[in-house]
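See structure below.
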Amino acid sequence: MKLTDISRDINQWFDGSGPLADIVISSRIRLARNLAGYKFLSRCATEEKSEILNKIRDILTSLELGDKIAYIRVDKAPVLDRHFLVERHLISRHHAFGKGPRGVVIAQREAFTAMINEEDHLRIQILKGGLRLRQCHEQISHIDDMIEQKAEYAFNSRYGYLTACPTNLGTGIRVSVMLHLPALKMTGQIEKFLNASRDMSLAVRGLFGEGTEAAGDFYQLSNQMTLGISETDIVSQFENTIIPEIVEYENAARNQLLSKQSDVLDDKISRAMALLKNAHLISSQEALFLLSHLRLGINMHDHMGASTPAIERLCTLSGSGGDTGKEQGLSITTINRLFMLTLPAHLQLNYGKPLDPTHRDALRAKIIRSTLNG
């Protein structure tokens, strides 16, 4: 698989489908594992890292996963390709630009990926659109069992799975949900959400994980405790309690915007439309920020029946995002496509060569103008 085979469209999990997908962009479950009989990576020599890489690669590529499998040697990949893999949420920044032999296995539809020699010997993840943590857990548990039939994991009867970072010790599970929370931001309530999350020992990160800001009002919420609580209980808490409560708060904020601050809502959407339809230079951060407002307007129209002058204008734009079955009206899929395909590495990979920031900003603006102006 060449990266250009997947770079021209969005991931399956980012197409706007799944339960509560107007607010819950995606569900992800990741498991951290290490092989028995080997040191943690921070203590391994290059030769040992290579041995671990080859052993895990051979195991993963031998599994029957129902999809074609691609393997990429990350440390030997061009820098642009590594940036793309991060933008695509297939690997972490740490994995992209770390040291030593590293690889990633990617299933054809991108729902399953496995990072080899990131912080642990192996980190596998499943991604699905909307709130579908239980399905993610069922699928990743099955894959984990298949791997364990071919390799012995480092495991302690008292502490569970042994991991390089103590925060992953125990189950080794990281449950993560990506949320779109523009109304909480607009109504000045986002700090309450952030403080409440910290009080519950939850980690809040930006669009691209650890160390990134919440660009485009996207937030990744994940557990920090893995020891002393079962995988099933962590998944259940997120799916049945934590995430539904946050969705309720965001919906309440959207209703507040509609009933008490409709001028604010219309101003945000109108300004976003005007800039995106006419700008000739636009940065990645600005595009994410403005597209977030369009996404909010479309979702409020589709899921709440909201009708304001700006929302009506937005939802009668013809667009040209390649959607089928629609004669008019921008869809969430179109907006999501613009979110992803105008990211810096996506732009350059699809253009066929590296571009300086000004040329990237010009190309990004052209793609967005072309899509929104039909």
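The values are calculated or read from the model by the stated rules, or taken from the named source; none is laboratory data. All figures in this text were calculated on a predicted structure; none of them were measured in a lab. In this analysis, Cβ positions are derived from the backbone assuming ideal geometry, glycine residues included, and neighbour counts consider all displayed protein chains.
Among the residues of region 205-222, count how many are at pLDDT 90 or above and outside any helix (DSSP H, G or I). Give the derivation first.
From region 205-222, those at pLDDT 90 or above are 217-222; that's our starting set.
If we keep only those that are outside any helix (DSSP H, G or I) too, we end up with 218-222.
Total meeting the criteria: 5.
Could you say which residue among Ser17, Ser50, Ser27, Ser42 is buried (at least 17 other Cβ atoms within 10 Å of the Cβ) and among the hydroxyl-bearing types (Ser, Thr, Tyr)?
Numbers: Ser17 fails: buried (at least 17 other Cβ atoms within 10 Å of the Cβ); Ser50 fails: buried (at least 17 other Cβ atoms within 10 Å of the Cβ); Ser42 fails: buried (at least 17 other Cβ atoms within 10 Å of the Cβ).
Exactly one of Ser17, Ser50, Ser27, Ser42 is buried (at least 17 other Cβ atoms within 10 Å of the Cβ) and among the hydroxyl-bearing types (Ser, Thr, Tyr), namely Ser27.
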Q) Residues of region 29-58 being without any contact (Cβ under 8 Å) to a residue 12 or more places away in the chain and either polar (S, T, N, Q) or not assigned by TED's automatic domain parsing to the domain that holds Glu110 (or both), which ones? A) Asn54
Q: Scan region 162-188 residue by residue and report those that are touching a helix residue (DSSP H, G or I) at 6+ places or on another chain (Cβ under 8 Å) and either in a strand (DSSP E or B) or charged (D, E, K, R) (or both).
A: Ile173, Arg174, Val175, Val177, Leu179, His180, Lys185
Q.
List the residue pairs whose Cβ atoms are under 8 Å apart, where the first residue sits in region 183-203 and is charged (D, E, K, R), the second is surrounded by fewer than 18 Cβ atoms within 10 Å (Cβ to Cβ) and outside any loop (DSSP other than H, G, I, E, B), and the two are 6 or more positions apart or on different chains.
A. Arg198/Val204
Q) Only one of (1) assigned to a loop (DSSP other than H, G, I, E, B); (2) on the phi < 0 side of the Ramachandran plot is not met by Ser26, so which one is it? A) (1)
(Q) Regarding region 136-144, can at least one residue be identified that is without any contact (Cβ under 8 Å) to a residue 24 or more places away in the chain and either in a loop (DSSP other than H, G, I, E, B) or out of contact with any Phe, Trp or Tyr (no Cβ under 9 Å at 6 or more places or on another chain) (or both)? (A) yes
Q: Among the helices (runs of 4 or more DSSP H) lying completely within region 282-374, list those that include at least 2 residues that are modelled with pLDDT of 95 or more and out of contact with any strand residue (DSSP E or B) (no Cβ under 9 Å at 6 or more places or on another chain).
A: 284-304, 332-341, 344-351, 357-372
(Q) Could you check region 43-73 and list, in sequence order, the residues that are among the small types (Gly, Ala, Ser) and part of a strand (DSSP E or B)? (A) Ala70
